[in-house]
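Asker: Sharing a structure, written as C-alpha cells. Questions coming.
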Amino acid sequence: MRLRTAVALGAAAGWIGWAWLPHLATPWLARRGPGDRNRLALTFDDGPDPDWTPTVLDLLRARRARATFFLVGERAARAPDLVRRIAGEGHEVANHSWSHRSLWLCGPRATEAEVGRAHESLAAFTGVEPRHFRPPWGMLNASLFPVLRHWRERCVLWSVQPEGLRPVDTDVLLGHVLTHAHPGAIVNLHDAEGTRGAPERLCAALPRMLERLTETGYELVTVGELLQPA
C-alpha cells in the first residue's frame, strides 16, 4: 500500500511539474500589450475555416481593421490559398499547433512536432515565419518554452475571452468584449468550430463589435504591432 501511494504521489507530482508549473512562467507569456496607447488586438483561433474565415476577412476589410489568425497547421495545409489571403490582406499569421492537440498530452517530441511542423508549413505558405504561438486551450507543458526559443516564437494567451469551452449567445459574446476591452487587450475569438457553433456566433457579433470598438477610438492591430514598444 505504501509503495502504491508513493508511486501515485510521484506520478501526481510529475504531472504537476509537467503541466501546471509552466503556467507560472508569466515573464515568457504575453497576455496583453502596453496600455499606454488606445490599441487592441483581435485574435482568431482554430482556423482557417473555408466557410467562415472568408466572412471574417470581409468584415475586417470593410472596417480597415488588422487582426491575428492563430492557425492550425493541418487545417492550413488543406486551405493554403486562404492562408495566403489572410497574410496578403495585412493580417498576422500565427501558430496554433499542427493538430490542435492538448500539450498536456504531448511529451517533448510531440510538442516539438506540434510547434515545428506548423511553423514550417505556415512559413512556406506565406513566406514569413510565424513569430507567435498560442497553445490549444491555453494549455502549456514544461518542454514548450525551449521549443519556442528554437523556433523564435513567443507564447501569446489573451486578456479577454468571451467564449471558451462553453458556448455563449451572440449578445453575451459581444457584450463581454465591449465591457472588458481595454488599451493593450488581446481578445480571443474563434473563426472555426472548436466550440460548437462558435464561428457562426462570431460572425453575427463581429460587425457590431468592430463598429463599437472603432467608434470608441480603438486602433485594431495585429499582435506583433501591439507588442512592439512605442
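Asker: Output the residues belonging to the stretch 219-230 that are under 20 Å from the mean Cα position of the chain (by Cα) and either exposed (fewer than 12 other Cβ atoms within 10 Å of the Cβ) or outside any helix (DSSP H, G or I) (or both).
Answerer: The answer is 219, 220, 221, 222, 228.
Asker: Looking only at the stretch 94-144, how many residues end up being under 23 Å from residue 186 (Cα atoms), among the polar types (S, T, N, Q) and out of contact with any Gly (no Cβ under 9 Å at 6 or more places or on another chain)?
Answerer: So the count comes out to 1.
Asker: Kindly state which helices (runs of 4 or more DSSP H) lie completely within the stretch 37-154 and contain at least 1 residues that are in contact with a helix residue (DSSP H, G or I) (Cβ under 8 Å, 6 or more places away or on another chain), in contact (Cβ under 8 Å) with a residue 24 or more places away in the chain and among the aromatic types (Phe, Trp, Tyr). Working first, answer last.
Answerer: Working: elements: 53-62, 73-78, 80-88, 108-126, 144-151.
In the stretch 37-154, 108-126, 144-151 are the helices (runs of 4 or more DSSP H) which contain 1 or more residues that are in contact with a helix residue (DSSP H, G or I) (Cβ under 8 Å, 6 or more places away or on another chain), in contact (Cβ under 8 Å) with a residue 24 or more places away in the chain and among the aromatic types (Phe, Trp, Tyr).
Asker: Which residue out of 97, 121 is buried (at least 19 other Cβ atoms within 10 Å of the Cβ) and within 15 Å of the chain's Cα centre (by Cα)?
Answerer: Selected residue: 97, the only one of 97, 121 that is buried (at least 19 other Cβ atoms within 10 Å of the Cβ) and within 15 Å of the chain's Cα centre (by Cα).
Asker: Do you know which of the residues in the stretch 124-143 that are hydrophobic (A, V, I, L, M, F, W, C) and at pLDDT 95 or above is nearest to the chain's Cα centre (by Cα)?
Answerer: 133
Asker: Also, quick follow-up: Quick test of your reading of the structure: residue 11 fulfils all but one of (1) modelled with pLDDT under 95; (2) under 25 Å from residue 161 (Cα atoms). Name the failing condition by number.
Answerer: Against the list (1) modelled with pLDDT under 95; (2) under 25 Å from residue 161 (Cα atoms), residue 11 comes up short only on (2).
Asker: Also, I was wondering about something else. Hey, does the stretch 174-186 have a residue that's surrounded by fewer than 21 Cβ atoms within 10 Å (Cβ to Cβ), closer than 12 Å to residue 39 by Cβ and under 16 Å from the mean Cα position of the chain (by Cα)?
Answerer: The first filter runs over the stretch 174-186 and keeps only residues surrounded by fewer than 21 Cβ atoms within 10 Å (Cβ to Cβ), leaving 175-176, 178-184.
If we keep only those that are closer than 12 Å to residue 39 by Cβ too, we end up with 181-184.
Narrowing further to those that are under 16 Å from the mean Cα position of the chain (by Cα): 184.
Yes, because at least one residue in the stretch 174-186 is surrounded by fewer than 21 Cβ atoms within 10 Å (Cβ to Cβ), closer than 12 Å to residue 39 by Cβ and under 16 Å from the mean Cα position of the chain (by Cα).
The values are calculated or read from the model by the stated rules, or taken from the named source; none is laboratory data. Quick caveat: nothing in here was measured; it's all calculated off a predicted structure. Quick reminder, even Gly has a Cβ in these numbers, built from the backbone with ideal geometry, and neighbours come from all protein chains shown.
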